[in-house]
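Take a look at the structure below.
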Amino acid sequence: NAKNTSQGHSELLNEELRYIRNLIDHESHVLILDGFKTDNLASFKSLVWTFGSLLGAPMVQNHLGHKMIEVYDRGGKSIEEGARYHQTRQGAYVHNDGVSDPLPIDYLILACGQKALLGGESILIDASAVYAELMKFPNVLEELKCDFYFENRGMSEEEQLFKAPILSFSDEGIPLIRYFRVYIESAHLKAGVPLTPSQVQALDFLDTVLDQSSVQHRVLLEPGQVLISADNKFLHTRTHFIDANAPREAIGDAEPLNGLNRYMLRLWLRR
């Protein structure tokens, strides 16, 4: 009886995971789930890690080999000074997370442990909506299909540059976008290959489309909510935020979540 019950639960879980993958891969490309609220950081990490590992294979996200990243303001350097986005409280900068890795991310998971005192809304943008707007400007689209320099910021001790197009397409013809303008500009500087006037114009057009309310969906994740998206089919950013307490460099696993500043967990998954 217990064995049959366990097997039934396992089949239901597998069916639910297949449904989520299909939704992200082929339909809405983004999903927000409830039910991940816990009291302390250790149990929150465990719950998010378990769920993510069932959905896909967690990827390494930095040079230290970490597969789960804590997203909160450390109070240190800015993005322009070399910090990674998840270490700051800066807003704007529409991007994909997979810009630092030549291999794409299939699923991005962002799990909310605590929200900010003010701000920190997630802004979600479907790459297909962006492509539809840019179809009015074929020269811009052609430029975005060409290679740009990217950097593996934070991914290894030794800095490396690689080339990739900003705009490409899946086997099904779905537009895919790889973008983080600050990283691209930094990579071109390091490569000693300045962006051409036509490349700068293409980035300006892309930024202008990304800034339109018609392509944006805003959501303020509540504690216990998890956002899942197809990283290269759905761009994202957040609004600038202000925390209740002073920023901290490190947070212990025994901490209660209700006493933290804005705190998220991030997973990158491959199928």
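Readers should treat all values here as calculations from the given coordinates under stated rules, not as data from a laboratory. Quick caveat: nothing in here was measured; it's all calculated off a predicted structure. Methodologically, a virtual Cβ is constructed for each residue, glycine included, from the backbone with ideal geometry; neighbour enumeration extends over all protein chains shown.
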> Which whole-number percent gives the relative contact order of the chain, counting Cα pairs below 8 Å spaced six or more residues apart?
Replying inline: 38 percent
> Given only helices, namely DSSP H runs of n ≥ 4 each adding -39500 (n - 2.57), what is the per-residue ellipticity at 222 nm of the chain, to the nearest 500 deg cm²/dmol?
Replying inline: -9500 deg cm²/dmol
> Let a ≥ b ≥ c be the square roots of the eigenvalues of the Cα gyration tensor of segment 95-157; is it rounded (a/c under 1.5), or, if not, prolate (a/b larger than b/c) or oblate?
Replying inline: oblate
> Count the lysine pairs in the chain that are 8 or more places apart or on different chains: how many have C-alpha atoms under 25 angstrom apart?
Replying inline: 18
> Taking the alpha-carbon centroid of each part, what is the distance from segment 212-271 to segment 110-163 in angstrom?
Replying inline: 16 Å
> How would you classify segment 1-99 from its alpha-carbon gyration tensor, with a ≥ b ≥ c the square roots of the eigenvalues: rounded for a/c under 1.5, else prolate if a/b is greater than b/c, otherwise oblate?
Replying inline: prolate
>> If you take every residue apart from residue 159 with its C-beta less than 10 Å away from the C-beta of residue 159, what net charge results, scoring Lys and Arg +1 and Asp and Glu -1?
In response: -1
>> Starting from 0.36 nm per residue, how many nanometres of slack lie between residue 19 and residue 42 once their C-alpha separation is accounted for?
In response: 5.5 nm
> residue 204: net charge of surrounding residues, Cβ under 13 Å, Lys/Arg +1, Asp/Glu -1, itself excluded?
Replying inline: -3
>> Please report the net charge: other residues with Cβ closer than 9 Å to the Cβ of residue 94, K and R +1, D and E -1.
In response: -1
> If one takes the longest principal axis of the Cα atoms in the chain, at what angle in degrees, from 0 to 90 and to the nearest 10, does the Cα axis of helix 2-26 lie?
Replying inline: 20 degrees
> With the calculation restricted to Cα positions, what are the radius of gyration and Dmax of segment 137-261 in angstrom?
Replying inline: 18.3, 54
>> Give me, ordered by chain and number, the residues 5 or more places off residue 238 or on other chains with an amide H under 5 Å from its own placed amide H.
In response: 92, 123
